[in-house]
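First up is the structure itself, then whatever we jot down about it.
The values are calculated or read from the model by the stated rules, or taken from the named source; none is laboratory data. Since the structure is predicted, the reported quantities are computational estimates derived from the model, not experimental observations. Glycine gets a Cβ as well: all are built from the backbone with ideal geometry, and neighbour counts include every protein chain shown. Ligands, DNA and RNA are stripped out before the accessible areas are found, and what is left, the full protein with its side chains, is counted by its heavy atoms. Shrake-Rupley method; radii C 1.70, N 1.55, O 1.52, S 1.80 Å.
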Amino acid sequence: ALQKPYAIDLPRDFEPRNWLQRKSRFAPMDKERARKLETKTEYKRTGLGRHDLNPDQRARLLGEQKVEEKREEEQPKGNPFKERGKSLLERINARTEGFTKGGVITESGAEQTTEMSKEVKETNAVIQEKAALKTKDLLSQPSS
């Protein structure tokens, strides 16, 4: 004996779905669903609005000076190697003054002594004292 299926109240707009039918993700979706998806993701397209200002508007809003104005006020630093009037060796020596402990070698090959600044001499003396304290025990130990 077969059982009778019982009746269920269905909504008026109910359409049974064919579960065996496959849907392609490339098929055009219905307009209502596309509109809902569009309104849901609209914020992604519009953004938060923080990139809507151009640099001039932002500077005016914050009361800043324009970047071009700042550049005009500052004197551009020239390349010391492109300056005319001094020889290349003199310019290099001027930039590296106090870099070496000894003198500077001139174009002729002779060593020209340079005076170290007082600050450099003091810092070097402090460093040498620390090094001497650390290495004083090394001299007394016999090598094995």
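Note on Val126 and Ile92: with the Förster distance fixed at 22 Å, the Cβ-Cβ geometry gives a FRET efficiency of about 0.15.
Here the gap between Glu64 and Leu2, fully extended at 0.36 nm per residue and compared with their Cα-Cα distance, gives a gain of 13.7 nm. Between Glu111 and Thr135, what FRET efficiency follows from the Cβ-Cβ distance if R0 is 30 Å, with the result rounded to 0.05? E between Glu111 and Thr135, to the nearest 0.05, is 0.60.
Note on Arg25 and Glu42: the extension gain reaches 4.0 nm, defined as 0.36 nm multiplied by sequence separation minus the Cα-Cα distance. Think of a 1.4 Å ball rolled over the protein heavy atoms: the stretch 1-51 then has 126 Å² of accessible area per residue.
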